[in-house]
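Q: Pasting in a structure now, in structure tokens, and then I'll have a few things to ask.
The values are calculated or read from the model by the stated rules, or taken from the named source; none is laboratory data. Values in this document were obtained by computation on a predicted structure and should not be read as measured data. Please note: Cβ atoms are built from the backbone with ideal geometry, for glycine as well, and neighbour counts cover all protein chains shown. Just the protein is used for accessible areas: all its heavy atoms, side chains included, with ligands, DNA and RNA removed. Shrake-Rupley method; radii C 1.70, N 1.55, O 1.52, S 1.80 Å.
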Amino acid sequence: MKIKLFSPQAIFELGKRSGQEDAIFPAMGAASDLDSLYIVCDGMGGHEKGEVASSTVVNAMAEFLFQNTSPEEPLSDALFNEALDYAYQKLDAIDNGDPKKPGTTLTFLYFHRHGCTLAHIGDSRIYHIRPEERKVLYRSRDHSVVYDLYLAGEIEYDEMNKQPNKNVITKAMMPGKDNRQFANIVHVSDIKPDDYFYLCTDGMLEMMSDGEIVDILADNISDEQKRQRLIEATKDNKDNHSAYLIHIDEVTVERYDKNLPDNEAEMMAKSKRRVDNENDTVVQLQNVAPATQQSYRTTQQTQPYHSQQTQPAPEEQPHYTKKEQTKNVSRRSLLIPILTTAALLMILAGVYFTCGGKDDKKEVLKDPVEENVEKKDSVKHERDTMNIAGGETATSALPSPSGDLPTPKQEEKKEEKKPETAETTPSGENSNTENLTPPTHQPETTPERPAAPAATTETPAPAAPATNPTPQPAETPAPPQGPRSVIPDE
């Protein structure tokens, strides 16, 4: 966005002090509508060289920013902190080792392409006021004891100026590395024509409330007349009082302006006292984003282009109470674990349906030992069935359950079935009874039994032994069925 200003109005009053400890930039009478940087500092009253500390910080911040920034480019938090560190180094240079260190407050305003950046340390304040709505859009939080009491609910806002310790601050810029304090940084993009930014020291607020400031700025008079009314309202203040009043003339909306960071309303909500009444804690959430430490230039490169569009009117923007904000945050925090659990359940279901039925379809391989036992039982059952049906002869034809060689008993039965041959005469008489030798069979497995004795008185010759006798088993052989002779009976 492009921001055009009216001529800025500076206030630089001595008050009832003997010396001026405040410092402003640009210097009194040097500001113009082309300036983009405005600083107001209040030297710490009662400290040595308070005016030196305030002028040192003002000049150091301006010097660093003019050398390292341009109004055409956004100001990042990192670059602002570098400028702040440079100012601290300048404070260290003026330190003479006195235990009572010089110090100062800081209020900072810098206009750039993405709006403006506000920062402060101490009890000097920054206001963003929209007169047409008679509304304070932003008021910086004082770093002071009385403001902490106000936030804690111990005193009312209007009672802060009546407290005896109202000038005791909790943050200030002082020399020494142990005294480093960081500034509260606020980014503002909700800027409209006729808005006011008001930077002032605490001396301007001794006898003036926020309502009176809004009334003066909302009055239909010139900016110079408004400046004079502010001075008249604070002429009896005891402290130095200085300020800058910056009036917005025109605002030209450009691309990316819709998504620019703006945490002004968030910081304003933190500066309010927490009370039970929800109406006192209304927070405008539109265009609210937390301050980041990243450069605006990086944000600009990553954001997509959007069509030129102005921001909606404040009446159209939704408002939420603190209770509704808590509910929305809790709902968002619960949504992530619910979605994660649902995703895990879907993955587990997919794995189950993909791999669940494969084990049932696999064929179960039998153990070889169990298969052999089952085979033996089957053969035994078949043998028993055949014994019942056909007797021993049918059973003997079955194979051995164990797959071994036939038993000797089976071999003997087979041998008995073989017929014995002999040379006989047609008439049935033996042709040579004197030298008759019984026929010999030579099986490979069992020896031949001796033939039956002849009817004559001569003793027959012994039978020839088998060529390949096999050892007889210990089992008792079956009894012979009777002698079989090749000699016919006489």
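Q: Could you check Leu205 against (1) open to solvent by 50 Å² or more (accessible area, probe 1.4 Å); (2) more than 38 Å from the chain's Cα centre (by Cα); (3) of a type in the set (A, V, I, L, M, F, W, C) and say which number it fails?
A: (1)
Q: Shifting gears a bit: What single numbered condition from (1) outside any strand (DSSP E or B); (2) modelled with pLDDT of 95 or more; (3) hydrophobic (A, V, I, L, M, F, W, C) fails to hold for Met208?
A: Tallying (1) outside any strand (DSSP E or B); (2) modelled with pLDDT of 95 or more; (3) hydrophobic (A, V, I, L, M, F, W, C), Met208 fails exactly one: (2).
Q: Also: Could you look through the range 158-185, keep only residues that are part of a helix (DSSP H, G or I) and out of contact with any helix residue (DSSP H, G or I) (no Cβ under 6 Å at 6 or more places or on another chain), and pick out the one that is least open to solvent (accessible area, probe 1.4 Å)? Give the steps one after another, and end with the answer.
A: Step one: of the range 158-185, the residues part of a helix (DSSP H, G or I) are 158-162, 177-179.
Pick out the ones that are also out of contact with any helix residue (DSSP H, G or I) (no Cβ under 6 Å at 6 or more places or on another chain) and you get 158-159, 161-162, 177-179.
Numbers: Asp158: 117, Glu159: 75, Asn161: 74, Lys162: 164, Lys177: 167, Asp178: 152, Asn179: 52 Å².
Within the range 158-185, the match that is least open to solvent (accessible area, probe 1.4 Å) is Asn179.
Q: Further, regarding this structure: When the residues of the range 130-146 are filtered to those that are open to solvent by 10 Å² or more (accessible area, probe 1.4 Å) and part of a strand (DSSP E or B), which remaining residue is farthest from Leu37 (Cα to Cα)?
A: Lys135
Q: Considering only the range 12-35, how many residues are in contact with a His (Cβ under 7 Å, 6 or more places away or on another chain) and on the phi < 0 side of the Ramachandran plot? Give the steps one after another, and end with the answer.
A: If we filter the range 12-35 for residues that are in contact with a His (Cβ under 7 Å, 6 or more places away or on another chain), which is where we start, we get 13, 15.
Remaining after also requiring on the phi < 0 side of the Ramachandran plot: 13.
Result for the range 12-35: 1.
Q: Is it the case that Lys226 is part of a helix (DSSP H, G or I) and of a type in the set (Lys, Arg)? Show your work before the answer.
A: Values: part of a helix (DSSP H, G or I): yes; of a type in the set (Lys, Arg): yes.
Against the criterion (part of a helix (DSSP H, G or I) and of a type in the set (Lys, Arg)), Lys226 qualifies.
Q: Every residue in the range 53-68 that is without any contact (Cβ under 8 Å) to a residue 24 or more places away in the chain and either crowded, with 19+ Cβ neighbours inside 10 Å or of a type in the set (Lys, Arg) (or both), please.
A: Within the range 53-68, Phe64 is the sole residue that qualifies.
Q: Now for a different question. Scan Tyr127, Tyr198 and give me the residue that is within 40 Å of the chain's Cα centre (by Cα) and either assigned to a helix (DSSP H, G or I) or not hydrophobic (A, V, I, L, M, F, W, C) (or both). Break it down stepwise before answering.
A: Working: Tyr198 fails: within 40 Å of the chain's Cα centre (by Cα).
Only one candidate passes the filter, namely Tyr127.
Q: Go through (1) closer than 23 Å to Gln20 by Cα; (2) modelled with pLDDT under 95; (3) open to solvent by less than 10 Å² (accessible area, probe 1.4 Å) one by one and return the number of the condition Asp77 breaks.
A: (1)
Q: Determine whether Ile231 is touching a strand residue (DSSP E or B) at 6+ places or on another chain (Cβ under 7 Å), open to solvent by less than 50 Å² (accessible area, probe 1.4 Å) and part of a loop (DSSP other than H, G, I, E, B). Break it down into steps so the answer makes sense when it comes.
A: On the way: touching a strand residue (DSSP E or B) at 6+ places or on another chain (Cβ under 7 Å): yes; open to solvent by less than 50 Å² (accessible area, probe 1.4 Å): yes; part of a loop (DSSP other than H, G, I, E, B): no.
No.
Q: What residue, of Tyr110, Tyr86, is modelled with pLDDT of 95 or more and farther than 30 Å from Pro193 by Cα? Before you say what the answer is, go through the steps one by one.
A: Working: Tyr110 fails: farther than 30 Å from Pro193 by Cα.
Testing whether each residue is modelled with pLDDT of 95 or more and farther than 30 Å from Pro193 by Cα leaves just Tyr86.
Q: Could you list all residues from the range 6-47 that are among the charged types (D, E, K, R) and surrounded by fewer than 16 Cβ atoms within 10 Å (Cβ to Cβ)?
A: Step one: list which residues in the range 6-47 are among the charged types (D, E, K, R), which gives 13, 16-17, 21-22, 33, 35, 42.
Selection gives Lys16, Asp33.
Q: Also, I was wondering about something else. What's the number of the condition Gly50 fails, among (1) without any contact (Cβ under 8 Å) to a residue 60 or more places away in the chain; (2) open to solvent by 10 Å² or more (accessible area, probe 1.4 Å)?
A: (2)
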